[in-house]
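*Asks:* Quick one: structure below, then a few questions.
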Amino acid sequence: ENLTPLKDIYKGKFLIGNIYNSINLTGVDRDMVLHHFNVVTPENMMKPDAMQLQKGVFTFESADAMTGFCQENGLKTVGHTLAWHSQTPDWMNAACGREEAIGRLRDHISNVAGHYSGKLLSWDVVNEAIQDGAKLPADGNWKSCLRDTPWLRNIGTDYIELAFQFAHEADPNAKLYYNDYNLNDNNKAEIAAAMYTDLKKKGIPIDGIGMQAHYSTTLPVATVEHSLELFKKTGAEISITELDVVVSKAKETGLTKEEEIAQAQTYAQLFRLYNQYSDVIERVTFWGYTDTRSWRSSSFPCLFDGDYKAKEAYYAVADPD
Ligand code: XIL
């Protein structure tokens with residue numbers, strides 16, 4: 001197949017990204033990332049449990065290979081992620097006093113973000129910190145809407161600002177993002193917008209809001225538009241950080257043509273919207289290449305099938321109008 005590179009189609013609008021794993025160093029997986037994309041996010045290799053599984057022992061080899069590959073081939077690299085509750089080693093999540101926990105956060109971020117300083121486009125500094133189902137109170141106190149995580153319990157609500165400050169000290173050139181899922185949900189979007197606005201007002205070095213965008217074909221695209229508008233008003237840079245669209249009633253027998261077309265329509269609607277907001281959207285990153293290797297492989301979320309063949313979804317993204 002001789003497909004138009006997606007990165008060329010969206011040139012001048014936003015960067016087009018996908019995940020990176022070591023398989024992308026060779027073969028078809030290498031061809032694919034180099035052909036279509038100009039920015040990558042490591043799927044797992046920069047997460048806290050990959051970077052510092054044991055306290056004080058940092059494992060940089062595979063992520064170094066990634067930044068080397070990106071440098072050689074003119075791709076940008078996104079760091080993902082520094083402060084999270086998931087894929088974080090037990091010792092880092094273990095209950096402890098505030099000072100001890102601040103030390104863990106500072107050491108992790110200064111070593112990891114310090115190691116990659118100057119090499120990354122941006123960092124997803126804090127990931128998924130908002131509680132599902134929370135609603136911003138009338139007084140705007142977003143800190144009452146945080147997920148109950150080890151960082152919150154050990155440090156308190158200011159772990160978020162500390163994480164951004166440590167990241168900025170370690171890598172003053174990387175753009176710093178708050179990243180979360182379901183940000184098309186209006187309640188959750190209002191909390192993220194309030195967080196961004198408040199941190200910015202306090203002089204905390206935060207640059208953007210990352211919308212993960214793990215969607216399905218039942219997505220009401222107007223909800224995404226509403227959140228983009230809300231985030232745009234805060235002045236934040238926006239990135240679509242982990243886009244995939246599952247087919248809601250996927251059968252084990254495979255994807256029907258109707259389902260494939262419905263999925264393509266959702267992708268087309270999303271890209272029409274992203275085009276409208278291209279002045280504030282820095283990048284759109286897909287979370288996977290082929291249906292069979294995706295983290296949601298049971299429901300056909302990607303632009304390419306298991307044989308690397310373009311699906312209707314690819315053609316919809318390539319020409320959403
Ligand atoms: C996922 C990876 O794709 C999987 O390989 C891993 O087993 C779990 O994490 N939100 C995030 C991503 O920020 O890091 C997650 O990635 C998907 C949800």
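*Asks:* Please go through the stretch 263-305 and give me each residue that is within 16 Å of the ligand (Cβ to nearest atom), surrounded by fewer than 23 Cβ atoms within 10 Å (Cβ to Cβ) and in a helix (DSSP H, G or I), ordered by number.
*Replies:* 292, 293, 297, 298, 299
*Asks:* Out of all the residues in the stretch 121-156, which are in contact with a Lys or Arg (Cβ under 8 Å, 6 or more places away or on another chain) and assigned to a loop (DSSP other than H, G, I, E, B)?
*Replies:* Those that are in contact with a Lys or Arg (Cβ under 8 Å, 6 or more places away or on another chain) and assigned to a loop (DSSP other than H, G, I, E, B): 121, 128, 129, 131, 132, 134, 156.
*Asks:* Checking the condition within 23 Å of residue 300 (Cα to Cα) and either within 15 Å of the ligand (Cβ to nearest atom) or of a type in the set (Ser, Thr, Tyr) (or both), which residue from 177, 181 passes? Reasoning before the result, please.
*Replies:* Working: 177 fails: within 23 Å of residue 300 (Cα to Cα).
Criteria check complete, one pass: 181.
*Asks:* If you don't mind, another one. Could you check the stretch 112-162 and list, in sequence order, the residues that are farther than 25 Å from residue 98 by Cα, of a type in the set (A, V, I, L, M) and crowded, with 19+ Cβ neighbours inside 10 Å?
*Replies:* Scanning the stretch 112-162 gives 120, 121, 136.
*Asks:* Kindly indicate whether residue 124 is within 16 Å of the ligand (Cβ to nearest atom), under 23 Å from residue 236 (Cβ atoms) and over 14 Å from the mean Cα position of the chain (by Cα). Before you say what the answer is, go through the steps one by one.
*Replies:* On the way: within 16 Å of the ligand (Cβ to nearest atom): yes; under 23 Å from residue 236 (Cβ atoms): yes; over 14 Å from the mean Cα position of the chain (by Cα): no.
No, not satisfied.
*Asks:* For the structure I just gave you, tell me whether residue 47 is within 16 Å of the ligand (Cβ to nearest atom) and within 18 Å of the chain's Cα centre (by Cα).
*Replies:* So residue 47 fits the description; yes.
*Asks:* Which of the numbered conditions does residue 259 fail, given that it passes all the others? Conditions: (1) within 20 Å of residue 7 (Cβ to Cβ); (2) more than 18 Å from the chain's Cα centre (by Cα).
*Replies:* Result: residue 259 fails condition (1) only.
*Asks:* From the list 213, 194, pick out the single residue that is more than 16 Å from the ligand (Cβ to nearest atom), at pLDDT 95 or above and buried (at least 17 other Cβ atoms within 10 Å of the Cβ).
*Replies:* Checking each option against the conditions leaves just 194.
*Asks:* Any residue at all in the stretch 75-88 that's more than 12 Å from the ligand (Cβ to nearest atom) and free of Cβ contacts under 8 Å to residues at least 12 places away in the same chain?
*Replies:* no
The values are calculated or read from the model by the stated rules, or taken from the named source; none is laboratory data. On a predicted model such as this, the values are computed, not experimentally measured, just so you know. All Cβ positions, glycine included, derive from the backbone under ideal geometry; neighbour counts span all protein chains shown.
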